[in-house]
Structures are given as C-alpha cells and as structure tokens.
Amino acid sequence: MVDPSRGSGAEYAAGFACLVGRPNAGKSTLTNALVGHKVAITSSKPQTTRHTIRGIVTTPASQLILVDTPGLHRPRTLLGERLNDLVRETLLEVDVIGFCLPADQRVGPGDAFIAAELTEVMRARRTPVVAIATKSDRVDRVRLAEHLIAIDQLGAWSDIIPCSATRGDQVDEVATVLAGHLPSAPGPLYPAGVLTDEPDEVMIAELVREAALEGVRDELPHSLAVVVEEIMPRQESHLLDVRVNVFVERDSQKAIIIGRGGSRLREVGSNARAGIEELLGRRVHLDLHVKVAKDWQRDPKQLGRLGF
C-alpha cells in the first residue's frame, strides 16, 4: 500500500510510472490529465499510441515521470509484435505500473491477458501495480462498484482507484497513489517546468497523426504512419516551415486521407497546425504529403525507415 509518510516533506520521491491496458483504455487521456498538458495523442480509435511518451508531473514532494505505451494486444502484424515488445521492455524499467481498465467495458479476456503479464512482472521484479478504473464518469455507482469488484478479483494489486480523466475526477488522487510507490531521491530527475522529454519532431508527428485519425474508418489507424522530414525557420520571418509525410499502405487509403479535391487533407493540416503552433510557440506553415508504402506494417525494412 501507499506509504502514508510520503508527501509529508520528510523525503523526496522520484521515478518512472508506466500506464498499461488494452487498446482504448484511456491511457493517453489520463497521461494528459495528470500532466495538465497535452503530451500524448488521443483518439476514439484503438491502438493509436505508437511511441512511449514521457509526461512529467512535478510537486514539492515528488516527481512522477509517466511513460504512456501502446495497448497490449494479441498481435496480427510485425508492427503489432514490435509494439508489444516495446510495452514489455518498458514494464521492466519502471518503478510502478498503472493498469487501466475502462469502467464502461466489462473486464474481459484482453484484461486477463495483461493481468497475467503483470503478475509475472510483480513476481520477477516486485514492481507495484496500481489498478485504475478509468472512464468512471460513463457509468453509475452500481456499475462502478461491480467493475471495482471485478478488478479486485483479477489480481493482487497494490491499490485500486477509480477516476475520470475527462472530467477530472480523482486525477490528483491517482497521481498521489502512483507517486507513493516511487523510490526516494535526492530531488527531481528533470528540471521544474519540464512536461515531457520527447523531441519536437516526435510530438509534431503525433499531432499530425491524431488529426488524420479523426473521422476515418476503422482499418486506417493501423495503416497510418507519420514522419517529419524537415523543420526550417523562414529567413527574415518568425514563420517555421514544417514538412511532413503521411504514409498509408494502399492507394484507397491515400484517397481517404486526401478527400475530395484535397478537402480532408486541408482539414487535417488546419487541425494539426493549431496544436503544432501551441507546441512550438510560433506560427507554422505545415506542408503535408500523403505517400503509399505498401504493406509497411509487415515489412521489416519499411518499419525501420518509419521509426519502428
């Protein structure tokens, strides 16, 4: 359980926490809520997280460094296998794990699959696991109580806590519980005010991918990859030129992204540019190009070129 002496000013705590769960369990939304700033893309489409994004929560008593991972799942492609490997590697490196189980969905085989993996980690490394009932605002009290009982029966968790990241319910309590399992440290690992250690190129690519995912059909999220080719300041201007390639696997998917007469690509660019300008703190000219990389999810060479 959480050490009650933590946060009393007696000693500082700092370390890494990993949020895991099946796809679309609310991990990215919770990461952003905990940090108080957008550091991970969110989408209604599952399996949209591709990189581990570190969000940093600093208080006078602790520094919690959040690692947001792809959803653990039974892979169907080489990309899926590599994403699962990324999660497993991360689990072995963190100080505490947050297991996200959405309250608006029944605990099922996917959760049991992850619970078994986490049980092995707890046995091997004694890493504490906090079970987090996300999306608590979407159910009534009776359903939430049933969900918490089901979570308790799934494994021997260090703590169980419900929260709603979108409404802000118990988000601070989640941060406190996770930080309570961190090791003692002489002080913060990152300077105060730093919210993420991800390079701008990674954050820009994620913002473009998030904008491209909105409103598309179910099969497209798994086929979409984004690479930032260039970020160049324009001479004698405060404007930044940002050139980005969006890769899909088939010509039909390219047509979906571009839309009739380029209408959808313009919408993607407009939505992404707003987030990029907020991130960089200056005006941006965003140059988007959509390209086909046939079956890249199954091609080791193409996966490497696209950063996987």
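FYI, it's all coordinate maths here, none of it is from the lab. Fair warning: this is a prediction, and the values are worked out from it, not measured in the lab. Counting neighbours? That spans all protein chains shown, and the Cβs are built from the backbone with ideal geometry, glycine included.
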| Once the Cβ-Cβ distance between T59 and E214 is put in as r, and R0 is 30 Å, what FRET efficiency do you end up with, to the nearest 0.05? | 0.35
| note | With label points set 7 Å from each Cα along the Cα-to-Cβ direction at F113 and S270, the distance between them in nm comes to 3.9 nm
| What is the distance in Å between the Cα centres of the range 144-215 and the range 101-129? | 16 Å
| Counted charge near P199, where neighbours are those whose Cβ lies closer than 13 Å (Asp, Glu -1; Lys, Arg +1) | -4
| Efficiency of FRET from Cβ geometry, D251 and K301, R₀ 22 Å, rounded to 0.05 | 0.60
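Quick one: net charge of E229's neighbours, Cβ under 11 Å, K/R +1, D/E -1? Before the final figure, lay out each step's value.
Numbers: positive: R243, K291; negative: E201, E230, D241, D287.
Once all neighbours under 11 Å are counted, the net charge is -2.
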| task | Return the long-range amide H neighbours of E198 (sequence gap of 5 or more, or a different chain), with a cut-off of under 5 Å between placed amide H atoms. | result | R54
